[in-house]
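Take a look at the structure set out below.
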Amino acid sequence: MDILFEPFQFEFFRNGVMVSLLVGALCGLMGVYIVLRGMSYIGHGLSHAIFGGAVVTYVMAWNFYLGAGLWGFLAAVLINQTVRRTRISADAAIGVVTTASFAIGVALISRYRHFTRSFDAALFGNILGVTVEDVQVVALVTLVVILIIFFMYKQLLFTTFNVEVAQVYGVKTEWVDTLFSLALAATLIASMQILGVTLIAAALVIPAITARLLTDSFNRMIILSTLMGMLTNLAGMYLSYYIDVASGATIVLVQATVFGLSLVVSFAQKRAARRLTHTHI
Amino acid sequence: MPVLENVSLHLHRGQFAALVGPSGAGKTTLLKLILGTLQPTHGEIYTHGKLLQNGQAPRVGYVPQLETVDWNFPVTVEQAVWMGQIGNKNIWPWMNVQERQQVQVMLERLGIAGLAKRHIRDLSGGQQQRVFLARALISNPDLLVLDEPTVGLDIQTAEMILVLLAELNRQGVTLLMTTHDLNAAAAHLPWVICLNQKVVAQGAPEDVFTESILSETYQGKMMVFIHNGMMFIQQKPHGHHYRDLVPEPVPGEIP
């Protein structure tokens, strides 16, 4: 039991656990829509775009959450509008918009080399840097995203299933996409501190695809993915503490392990089902 | 070059009509204009005497081509049909009692009540088509629009779906569908519209499916046969017939 409670004597760990549970829930929940829309690459791209925004807000001395959040939201809207209004495909639009945004960050860092080290946490995640203010912000973001998904459930489900048909049935799909982009940008900002820009995409996608392997029900997928995000983040936090490895990396490695195990279970179930239905003539 | 030009169509309440024409004739474009997902560069569209304005969804039920559906999406039959009730005032992310009853009634009407909890992938082609018909009908639309409802279905299932559509039409539903299956349209539909960038002709199949109108629509030599009172349409083969080139059939062999 000491192993479980010992780290809690440190404030950074208590803050870290709270944030990681919230971020796990957020990423697990948003990841379901990302995976089902076939947009796995957007988490990766947008987190890089937000990195550019984070550097700009630092240089301009703006509030990090507001500045980087707005930057990420605008990048997401720009990607959506590029895809809707041109013949450019989603992956190409993500590639251009987010890489250009990331390049702005890198250019600013190389121009002002003296603050290069401050962005290690944003790139790779650092649980030591989580403050009470961070916990409050992440809690607020989690609440807002949950409320958006709760009250937009039907519209999001229909738009994710078939955007063109949803439009025919009166769903304002452009608004749904814009709201979703806002929620995604907020999720990425909230997750940046603990997971780092380079690892957020995995934390968004892995719980959702693991849940998809285990269920054919949309509601169950949401619940499983959210719980898996929380539990794997918690396990990753403990592992990070005891083996002294960056929190983002341990969380993603725990999630990848759970995904690997689920894959094995899923294969075994399918083989067993095939053996049961196979008949010899 | 415009996709459609000088198209003037009037669909009456209770009509059951098929849009036919070659690929690229503008059938899907016309459907999208009626559905409100595309805006005409010129002209106006009215549904029940009301002008269809930019971004406004008409009271139209839509059944897309089965090929456009993501069959791996984690959704049950019941949930897929529930999506058709998106216009209801229910803000909660679950079906209320009334919605559940309406879904059940609609599934019973289409003969798939026992499949409510099944995943949409685990159904036959005919059952899958019925699910999306149920979704379209549950909102009680003024018009039901179907994009190639029989494509990809075997001949018996396709026949079953057309009989079902005719039955829905008898119950008062106005239907407009696109199809490439001229023989099925001739056998089942009371009204056909030949389209190739403009309306070439419209009317009852026996009046419209003539060799001259079909040849103009399809820009190729078309042949029409009547056998036992049924109409059969075939494109005249170009050059030699395959059977002329291979006079002796090659027998198959079961190892």
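Just so you know, all these numbers are worked out from the coordinates, no wet-lab data involved. Note that this is a predicted model, so its numbers are computed, not measured. Please note: Cβ atoms are built from the backbone with ideal geometry, for glycine as well, and neighbour counts cover all protein chains shown.
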Cleavage-rule hits (trypsin sites (Lys or Arg not before Pro)) in segment B:97-187: DSSP loop, at most 11 neighbouring Cβ within 10 angstrom: B:Lys117
Expected 222 nm ellipticity per residue - DSSP helices of 4 or more, -39500 (n - 2.57), all of the protein assembly as shown, to 500: -18500 deg cm²/dmol
Fluctuation leader among A:Val23, A:Val35, A:Val171 - chain A, Gaussian network, Cα springs under 10 angstrom: A:Val171
Cut-off under 5 Å, modelled amide H: who pairs with B:Met223 long-range: B:Gln234, B:Gln235, B:Lys236
Residues listed by number, segment B:62-100, amide nitrogen under 13 Å from A:Ser266 label point at 7 Å toward C-beta: B:72-74
D (Stokes-Einstein, µm²/s), Kirkwood Cα radius, the protein assembly as shown, 0.692 mPa s at 37 °C: 123 µm²/s
Per-residue HN-Hα couplings for segment A:13-25 [Karplus 6.51, -1.76, 1.60; θ = phi - 60°; Hz; x = Gly/Pro]: 6, 4, 4, x, 5, 4, 5, 5, 5, 5, 5, x, 5
Two-site FRET efficiency, B:Glu216 against B:Leu38, from Cβ-Cβ distance with R₀ of 41 Å, rounded to 0.05: 0.95
Whole-number percent relative contact order across segment A:2-277, with pairs defined as alpha carbons under 8 Å at least 6 apart: 32 percent
Nitroxide proxy distance, nm - points 7 Å out along Cα→Cβ at B:Glu253 and A:Leu140: 8.0 nm
Ranking of A:Cys27, B:Cys194 by count of other Cβ atoms within 10 Å, fewest first: B:Cys194, A:Cys27
Cα-projected label distance for A:Leu128 with B:Glu206, points at 7 Å along beta-carbon direction, nm: 9.0 nm
HN-Hα J in Hz across segment A:183-189 - Karplus 6.51, -1.76, 1.60, θ = phi - 60°, x for Gly and Pro: 5, 5, 4, 5, 4, 5, 4
Using a Förster distance of 25 Å, the FRET efficiency for A:Val245-B:Asn72 (Cβ separation, nearest 0.05): 0.10
For chain A, built as a Gaussian network whose Cα springs stay under 10 Å, the top-fluctuating residue of A:Leu147, A:Leu29, A:Leu195: A:Leu147
Likely footprinting exposure, A:Ser225, A:Ser240, fewest C-beta neighbours within 10 Å first: A:Ser240, A:Ser225
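Treating the beta-carbon of each Lys and Arg as +1 and of each Asp and Glu as -1, no other charges, what is the dipole magnitude of segment B:16-205 about its Cα centre, to the nearest 20 debye?
420 debye
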Among beta bridges that DSSP assigns inside the protein assembly as shown, antiparallel share in %, nearest 5: 45 percent
Cut-off 13 Å between beta-carbons: net charge of the residues surrounding A:Leu36, Lys and Arg +1, Asp and Glu -1: 0
Unit charges at the beta carbon, dipole of the protein assembly as shown: most positive-side option, A:Met221, B:Thr157, A:Ser89: A:Met221
Whole-Hz couplings from phi, Karplus 6.51/-1.76/1.60, listed for segment B:82-93; x for Gly and Pro: 4, 4, x, 9, 4, x, 5, 7, 4, 8, 7, x
